[in-house]
Amino acid sequence: MAYTISADGLRKRYGDVQAVDGVSFDVEEGEFFGILGPNGAGKTTALEIIEGLREADEGTVSVLGLPPWPRNSKLLPRIGVQLQASSFFERLTAREQLQTFASLYGVPARRADAMLEAVGLTAKAGERVEKLSGGQAQRLSIACALVHDPELVFLDEPTAALDPQARRNLWDVLREINTEGRTIVLTTHYMDEAESLCDRVAIMDAGRILRMGPPATLVRGLDSPARISVPSGVLPLDDARALPGAGEAADDGVSLVIETRDPSAVVAAMAARNALTGVQIHGATLEDVFLELTGREYRA
Amino acid sequence: MSTWQSFRSLGRAMFLGFVRDKGALFFTILFPMMFLVIFGGVFGHQSTSKVEVVEIGAAPLIDQAVARDADLRKTLKVTRYETRAAALKKVEKGDADAAVEQRGGTLDVHYSAADQVKAGTAQGLLGSIVESANQAKSGVAPTYRLAAQQVEDDSLKAIQFFTPSLLGWALASAGVFGASQTLVSWRTKGILRRLRLSPAPIATVFAARVVVSVGVALVQLALFLAVAQLPFFGLKLQGSWWMAVPAVVAGVLAFLGIGMLIGAWAKSQETAQSVTQLVVLPMAFLGGSFFPLDASPGWMRTLSYIFPLRYLNEAMLNVMGRGLGPMSALPQIGVLLGVAVVASLLAMRLFRWDSA
């Protein structure tokens, strides 16, 4: 079966910086694909090559079976792009904004209202874009990317700088779009977002893909210990260390945390001691995978 | 994909963006209009000022001439003072141009050397009154007659000059600002990238910008002409004034080209704004928008040829103010179109889709 996106050996250099250094991946139809990476990892450049905004120095890319470079007006109506900055026409209302984009694609202007409804902005239709909150502006820019009903949607850090409510709200919108059968490619540096939304993620750093797969598979492959915590005083620290299967243990006066690679044995032993009051078990997350791969040192 | 539809909606987006921008509206429409009102009001009636003469006692010779001749009443204002001292005081202070005293067949004229031009005019006028009185006395019909005709079919009043030249300035700043600001803000905000990712042909984006700017310019032209023709300002449109329309269009194209060039080059809106000011203000001063170039020193007139605004001002002045024929604007229109082409080609070379 033909892939929706097929990228092979993409490279792009800006002066001394090798922004993208041999990136290959395929995205299937209907898939929700995430590209994760710290700032400057080359996510945006890779995405721009695939969208057709930049030409790769090396490598080939095909989108919906077509080459995106040079500007391909057969391909453009079939893809929707939400850019990092909220690129709106100045001083237009939300509805006018959508109507303008609709007509660029030859879509009837009345579709604007349907899109406002879809992203929950009907009440803000007559509001100028400058007056919208961060979350509303992001939802509007997603609506602008979807107004012509594209098969493939690119979202570049759609939830950057949003508060937690607005993020969750936007996730629902994105899931809905994906359920309609569209293929979505998303870049983000929020691990929880990728874990919650994406079928498959590629972790990128320094222009390369370090690991790729479904989030759960990546986490399982990490082989990092689980952490079992109980409130301090439920179990003495020395006893905790002596439990069968227990690794490192520490008590900070609030919680006693035991690291283990065999959580079921530890929990069973704790149950035998009747020490399960307020127990919490944390497994590794995508964030652990990410930090394991990209390192923990701070990079400005 | 209908190109026409994209063109229309982009034009609409730009037009709405413009009319909702109170600052832009003020600076393109109201601000130049304020200049027109001030300049037109202050200098508007300058050329009609009369020669003021004070009589010392009665001067029947003058009174009869004034009573007989309606044209004379338009140019000569006569006031009577009973004492010589009061009348001479008026002349000394410059309130009157000359004082006259009739003693029998002699008309004594007292004038001040402070304003020799006015004094000369007054003497000439009074001299001609004496001449014609002598002539009437002789009872012979005059053999020679003077028929004065002005070269303009009305005097080139201040408003005839200020309307086209202030309009030129308004068009230049609107055109250059409009194009450079749109280009830079659309680039920095990512709208250009977004448009590039839509199937609309890029030419429609620029065509829409040009059409909106030309439309705004024609509105400016209409408003300027409407205000300047109010009786208070008294602009009289000359026969081929309609040639101002193609001149305005050519001018807008030239200024848009310059604006695009600035917009393509400038990295930020602040830079674009200051460079635009640096281009437009000197051009307005030295291109003859605020004072007539005819009355400027030679070097300034020579320098003015490098400013596109000079050609627009001249074209509009020729057909609107001076009453020259429609062909008189053609060379200037040609220069403006040339500027538009060259500036646009340069702008295309410098054009970038995004700020990175």
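The values are calculated or read from the model by the stated rules, or taken from the named source; none is laboratory data. This is a predicted model, so every value here is computed, not measured. Glycine gets a Cβ as well: all are built from the backbone with ideal geometry, and neighbour counts include every protein chain shown. Protein only, heavy atoms only, side chains kept; ligands, DNA and RNA dropped before computing areas. Shrake-Rupley method; radii C 1.70, N 1.55, O 1.52, S 1.80 Å.
So here's what we get for this one:
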read-out: Debye log10 I(q)/I(0) for the protein assembly as shown, one point scatterer per Cα, at q = 0.05, 0.06, 0.07 Å⁻¹; value: -0.44, -0.56, -0.67
read-out: Loop-located GluC sites (Glu not before Pro) in segment A:1-102 whose Cβ has at most 13 other Cβ within 10 Å (DSSP); value: A:E55
read-out: Cut-off 14 Å between beta-carbons: net charge of the residues surrounding B:W265, Lys and Arg +1, Asp and Glu -1; value: +3
read-out: Probe 1.4 Å, accessible area per residue of segment A:226-283, Å²; value: 55
read-out: Whether segment A:5-214 is rounded, prolate or oblate, judged on the alpha carbon gyration tensor where a/c under 1.5 counts as rounded; value: prolate
read-out: Sulfur and carbon atoms: percent of accessible area, segment A:5-214 [1.4 Å]; value: 45
read-out: Descending principal axes extents, chain B, alpha-carbon based, whole Å; value: 95, 40, 36
read-out: Within straight-line cross-link reach of B:K22, aspartates and glutamates at Cα separation under 18 Å, skipping those fewer than 8 residues along the same chain; value: A:E90, A:E127, A:E130
read-out: In segment B:38-111, the trypsin sites (Lys or Arg not before Pro) that fall in loop regions by DSSP, at most 15 other Cβ within 10 Å; value: B:K50
read-out: Under the span-like rule (Cα at least 27 Å along the axis, Kyte-Doolittle mean at least -1.0), DSSP H helices of chain B; value: B:116-138, B:158-188, B:202-228, B:244-265, B:330-350
read-out: Signed unit charges on C-beta, dipole axis of the protein assembly as shown, positive-most listed residue B:T121, B:V245, B:F18; value: B:T121
read-out: Whole-Å distance, taken between Cα centres, linking segment B:1-40 and segment B:240-259; value: 16
read-out: Protein-only accessible surface order, largest first, of B:H110, A:H148, A:H189, A:H282 at 1.4 Å; value: A:H282, A:H189, B:H110, A:H148
read-out: Segment A:171-204 versus segment B:72-98: alpha-carbon centroid distance in Å; value: 93
read-out: Only Lys, Arg (+1) and Asp, Glu (-1) charged, at Cβ; chain B dipole about Cα centre in debye; value: 1620
read-out: Accessible-area value, A:L293, 1.4 Å probe, nucleic acids and ligands omitted, Å²; value: 50
read-out: Among A:A246, A:C144, A:G52 - extreme Cα towards positive end, dipole of chain A, charges at beta-carbon; value: A:C144
read-out: Residues A:L276 and A:R128, FRET efficiency given R0 of 45 Å [Cβ-Cβ distance, rounded to 0.05]; value: 0.20
read-out: Solvent-accessible heavy-atom area per residue, rounded to whole Å², over segment A:4-132 at 1.4 Å; value: 40
read-out: Sequence-distant lysines (8 or more away, or on other chains) whose Cα lies within less than 22 Å of A:K12; value: A:K43
read-out: Loop sites in segment A:202-285: trypsin sites (Lys or Arg not before Pro), DSSP, at most 14 other Cβ within 10 Å; value: A:R261, A:R273
read-out: Total formal charge among the other residues, if their Cβ is under 11 angstrom from that of A:V27, Lys/Arg +1 and Asp/Glu -1; value: -4
read-out: Lys, Arg +1 and Asp, Glu -1 on Cβ, resulting dipole of chain A about Cα centre, debye, nearest 20; value: 760
read-out: Sequence-distant aspartates and glutamates (8 or more away, or on other chains) whose Cα lies within less than 12 Å of B:K93; value: B:D115
read-out: Tail beyond 17 Å, pair distance distribution of segment A:1-87 (Cα, percent); value: 48
read-out: Restraint check, B:K89/B:K137; A:K74/A:K124; B:K50/B:K90; B:K74/B:K137; B:K50/B:K157; A:K131/B:K267, Cα-Cα greater than 23 Å; value: B:K89/B:K137; A:K74/A:K124; B:K74/B:K137; A:K131/B:K267
read-out: Accessible-area value, B:V275, 1.4 Å probe, nucleic acids and ligands omitted, Å²; value: 40
read-out: Interface area, A with B, accessible, probe 1.4 Å, both sides summed, Å² nearest 100; value: 2900
read-out: Charge sum, other residues only, whose C-beta stays under 11 Å from A:G126's C-beta, Lys/Arg counted +1 and Asp/Glu -1; value: +2
read-out: Heavy-atom accessible area ranking, 1.4 Å probe, most first, across A:D156, A:D16; value: A:D16, A:D156
read-out: With every protein chain in place, segment B:48-138: carbon and sulfur % of accessible area (1.4 Å); value: 51
